[in-house]
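For reference, the structure discussed in these notes is given below.
The values are calculated or read from the model by the stated rules, or taken from the named source; none is laboratory data. Remember, predicted model here, so these are calculated numbers, not experimental data. Heads up, the Cβs are rebuilt from the backbone with ideal geometry, glycines too, and the neighbour counts pull from every protein chain shown. Protein only, heavy atoms only, side chains kept; ligands, DNA and RNA dropped before computing areas. Shrake-Rupley method; radii C 1.70, N 1.55, O 1.52, S 1.80 Å.
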Amino acid sequence: MPKRGKKYTAAAALIERHTLHEVGEALDLVIKAAPAKFDETVEVHLKLGVDGRHADQQVRGAIVLPHGTGKTSKVLVFAKGPKETEAKEAGADYVGAEDMAEKIQKEGWFDFDVVVATPDMMGVVGRLGKVLGPKGLMPNPKSGTVTMDIAKALEDIKAGKVEYRLDKTNIIHTPIGKVSFGQEKLVDNFSALVEAVVKAKPAAAKGQYLKSVTVASTMGPGVKINPVRVGTN
């Protein structure tokens, strides 16, 4: 067990580890227990009652949070011709095609947070699957990052769009803002995210869908929320 610092230990002392809290109360505790001097990100961790190994139980999507994430994402767009111009005019940080793919492959360049591509560019982007996939950067139609409407995709991303997807342990980890947002804005963002995940419940999922719900800041301890009170199981 790694040794925790004094700030973390003091923050953890504010949290009763086995208590299930209401949403507002939990986020209040996260704000109070955030130990770092910088403005920490607040994340939601949702353990779902599905088996992501089966295609019909996958949960994946994206949502624009009401108050954004507090972070401006750098966006790389794979496009050519008029769509390349559209991407530049819409505020893409980087735009290109084979040249960008080569830069990633040969230079190990990853100075971006989101990748968007037009459908015709997926042949080029597909070759980057082994490097983009593990970083969660591979464009996908379900998350709106493979699209012909580049301007709308960029508008949503810059407004605070977040993706949610299962990891190998059937948990979704998604940021919902910064500690500085305060409880009210974080509750709004939390509610929007959970509503989207509940709507995305696969028909093949049986039993309790939201198994556990935890919120935490970047450096702070996790606070548990009563899953029965935040979604339809």
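Rundown of residues vs (1) without any contact (Cβ under 8 Å) to a residue 60 or more places away in the chain; (2) open to solvent by 30 Å² or more (accessible area, probe 1.4 Å); (3) of a type outside the set (A, V, I, L, M, F, W, C), yes/no style:
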position: Met122; (1), (2), (3): yes, yes, no
position: Arg127; (1), (2), (3): yes, yes, yes
position: Lys158; (1), (2), (3): no, yes, yes
position: Lys161; (1), (2), (3): no, yes, yes
position: Lys178; (1), (2), (3): no, yes, yes
position: Asn189; (1), (2), (3): no, no, yes
position: Ala205; (1), (2), (3): no, no, no
position: Gln208; (1), (2), (3): no, yes, yes
position: Lys211; (1), (2), (3): no, yes, yes
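The number of residues in the stretch 12-45 that are more than 16 Å from Leu186 (Cα to Cα) and either surrounded by 20 or more Cβ atoms within 10 Å (Cβ to Cβ) or out of contact with any Pro (no Cβ under 7 Å at 6 or more places or on another chain) (or both) comes to 12.
Being at pLDDT 95 or above, touching a strand residue (DSSP E or B) at 6+ places or on another chain (Cβ under 9 Å) and part of a helix (DSSP H, G or I), is that true of even one residue in the stretch 161-178? No, because not a single residue in the stretch 161-178 is at pLDDT 95 or above, touching a strand residue (DSSP E or B) at 6+ places or on another chain (Cβ under 9 Å) and part of a helix (DSSP H, G or I). Residue pairs whose Cβ atoms lie under 9 Å apart, separated by 6 or more positions or on different chains, with the first residue in the stretch 62-87 and farther than 18 Å from Ser143 by Cα and in contact (Cβ under 8 Å) with a residue 24 or more places away in the chain and the second aromatic (Phe, Trp, Tyr) and buried (at least 19 other Cβ atoms within 10 Å of the Cβ), are His67/Phe181; Gly70/Phe181.
In the stretch 98-107, which residue that is farther than 11 Å from Ala79 by Cα and touching a residue at least 12 places away in the same chain (Cβ under 8 Å) is most open to solvent (accessible area, probe 1.4 Å)? If we take residues in the stretch 98-107 being farther than 11 Å from Ala79 by Cα and touching a residue at least 12 places away in the same chain (Cβ under 8 Å), then Gln105 is most open to solvent (accessible area, probe 1.4 Å). Gly231 meets the conditions (1) open to solvent by less than 70 Å² (accessible area, probe 1.4 Å); (2) at pLDDT 90 or above; (3) not aromatic (Phe, Trp, Tyr) in every case but one. The failed one is (2). Hey, among the residues in the stretch 131-183 that are among the β-branched types (Val, Ile, Thr) and within 15 Å of the chain's Cα centre (by Cα), which one's farthest from Lys32 (Cα to Cα)? For the stretch 131-183, the residue satisfying everything is Thr145. Number of residues in the stretch 53-89 that are open to solvent by 40 Å² or more (accessible area, probe 1.4 Å) and on the phi < 0 side of the Ramachandran plot equals 20.
Among the residues making up the stretch 118-160, those that are farther than 30 Å from Phe190 by Cβ and not in a loop (DSSP other than H, G, I, E, B) are Pro119, Asp120, Met121, Met122, Gly123, Val124, Val125, Gly126, Gly129, Lys130, Val131. For Ala36, the conditions (1) small (Gly, Ala, Ser); (2) at pLDDT below 85; (3) touching a helix residue (DSSP H, G or I) at 6+ places or on another chain (Cβ under 9 Å) are fulfilled apart from (2). For the stretch 56-88, the set of residues classified as modelled with pLDDT of 95 or more, among the hydrophobic types (A, V, I, L, M, F, W, C) and not in a loop (DSSP other than H, G, I, E, B) consists of Val75, Leu76, Val77, Phe78, Ala87, listed by residue number.
Checked against (1) touching a residue at least 40 places away in the same chain (Cβ under 8 Å); (2) within 23 Å of the chain's Cα centre (by Cα), Val95 meets all criteria but (1).
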